[in-house]
1. Tally the residues that are more than 20 Å from the chain's Cα centre (by Cα), within 14 Å of chain B (Cβ to nearest Cβ) and not charged (D, E, K, R), restricting the search to segment A:18-65.
2. Count, please, the residues in segment B:137-154 that happen to be open to solvent by 30 Å² or more (accessible area, probe 1.4 Å), closer than 13 Å to B:T72 by Cβ, in a loop (DSSP other than H, G, I, E, B) and within 14 Å of chain A (Cβ to nearest Cβ).
3. Among the helices (runs of 4 or more DSSP H) contained in segment A:1-102, which hold 1 or more residues that are closer than 30 Å to B:R14 by Cβ?
4. Could you say which residue among B:A78, B:A111 is within 13 Å of chain A (Cβ to nearest Cβ), open to solvent by less than 30 Å² (accessible area, probe 1.4 Å) and modelled with pLDDT of 75 or more?
5. Identify all residues within segment B:32-58 that are aliphatic (A, V, I, L, M), under 8 Å from the mean Cα position of the chain (by Cα) and open to solvent by 10 Å² or more (accessible area, probe 1.4 Å); write none if there are none.
6. If you go through segment B:12-31, how many residues are of a type in the set (A, V, I, L, M), more than 25 Å from B:L126 (Cα to Cα), facing chain A (nearest Cβ under 9 Å) and open to solvent by 10 Å² or more (accessible area, probe 1.4 Å)?
Amino acid sequence: MSERDADLLMADLLGEAPETPDPGFRYDVLFRASIRARRRAAMSKALNQIALFSAIGLIFPVGGALGLTWEMAQPLVMATGLLALGLAAASVTILGPRAVLARSRAILTRS
Amino acid sequence: MDAAEEARLVQAARNGDMTAFGRLVDANQPAVRAFLRRFVGSYADADDLAQEAFARTWEVLERFDGSSRLRTFICGVAFQYWRRARRADSRRMARDDAYAQLEDQETAGDARMAQKLALRRAMDELPDDQRAALALCLGQDFTHAEASEILKLPLGTVKSHVTRGRARLQAALGAPAEAG
């Protein structure tokens with residue numbers, strides 16, 4: 001028996017190569033890949049939310065430490081609040097589940 | 001699958017095309033699963049590891065530079081994954097389970113099973129790197145250069161691992177070990 005044949009025999013005894021195609025294996029891989037993608041997206045979203053709310057929570061202590069009184073900060077807080085409301089309304093209009101501009105967005109995405 | 005077709009599918013998969021990635025899985029699974037079956041011993045554990053490696057490859061496909069075949073990259077991912085995840089106790093338990101299965105079959109009087117058991121024991125006594133080099137090169141699925149890239153070892157070390165490991169396996173089978 002040649003060295004090559006002996007190697008192939010030992011390889012076969014240690015573990016045979018699977019028959020292909022194996023749709024079950026492919027399905028399991030794609031399933032795991034999609035779970036990992038979902039998990040990663042959820043983690044990223046959670047981290048973004050934590051960062052955002054931490055930043056919002058830090059505004060007042062930092063402002064206080066810098067000597068900013070409520071009377072001084074009130075116009076800035078109101079302007080920021082209005083901008084945030086505008087951003088939320090725009091997001092719901094453009095990206096929401098029943099978006100008013102969904103049809104326009106679909107046309108733009110297709111083109 | 002030729003290199004050009006593989007490169008085209010890799011590019012499509014990077015752009016999020018799951019169908020292209022599915023075709024890459026189909027094309028590369030025989031070599032990857034055969035390597036892991038020979039390396040790990042238990043078919044179930046090997047296939048589980050192979051699935052994790054393919055799923056991880058989907059995430060890190062951007063890092064694949066195309067200088068080698070994709071199966072080399074996937075085997076590298078699988079080997080690193082195994083290294084990180086291994087636990088001595090669970091490995092020993094899995095090995096004992098595999099021995100028990102083989103021994104049960106051996107009592108049925110199958111000579112091939114006795115050979116399998118002897119080879120498996122000899123294989124499991126080898127150091128990890130040597131076992132991995134043998135699992136890659138023994139079935140002629142990977143060249144020494146590819147094994148060197150997967151295991152991140154110098155080419156000479158891989159050749160030496162394969163030669164020494166082969167001699168140990170031949171001795172376990174009762175065949176005279178060849179010099180070299």
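1. Residues meeting the conditions: 8.
2. Within segment B:137-154, residues that are open to solvent by 30 Å² or more (accessible area, probe 1.4 Å), closer than 13 Å to B:T72 by Cβ, in a loop (DSSP other than H, G, I, E, B) and within 14 Å of chain A (Cβ to nearest Cβ) number 2.
3. A:23-65, A:70-95
4. None of the other options fit; the residue is B:A78.
5. Within segment B:32-58, B:V40 is the sole residue that qualifies.
6. Result for segment B:12-31: 2.
The rows are residues; the columns are (1) surrounded by 12 or more Cβ atoms within 10 Å (Cβ to Cβ); (2) modelled with pLDDT of 85 or more; (3) more than 30 Å from B:W58 (Cβ to Cβ).
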residue	(1), (2), (3)
A:P21	yes, no, no
A:Y27	yes, yes, no
A:I35	no, yes, no
A:R38	no, yes, no
A:P61	no, yes, yes
A:A65	no, yes, yes
A:L68	yes, no, yes
A:A89	no, yes, yes
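Residues are listed down the side, and each one gets a yes or a no for (1) under 21 Å from A:I35 (Cβ atoms); (2) not in a helix (DSSP H, G or I):
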| site | (1), (2) |
| --- | --- |
| B:R8 | no, no |
| B:V25 | yes, no |
| B:N28 | yes, no |
| B:D45 | yes, no |
| B:S68 | no, yes |
| B:Q80 | yes, no |
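The values are calculated or read from the model by the stated rules, or taken from the named source; none is laboratory data. Source: prediction; values computed, not measured. No Cβ is skipped: glycine too gets one built from the backbone with ideal geometry, and neighbour counts run over all protein chains shown. Just the protein is used for accessible areas: all its heavy atoms, side chains included, with ligands, DNA and RNA removed. Shrake-Rupley method; radii C 1.70, N 1.55, O 1.52, S 1.80 Å.
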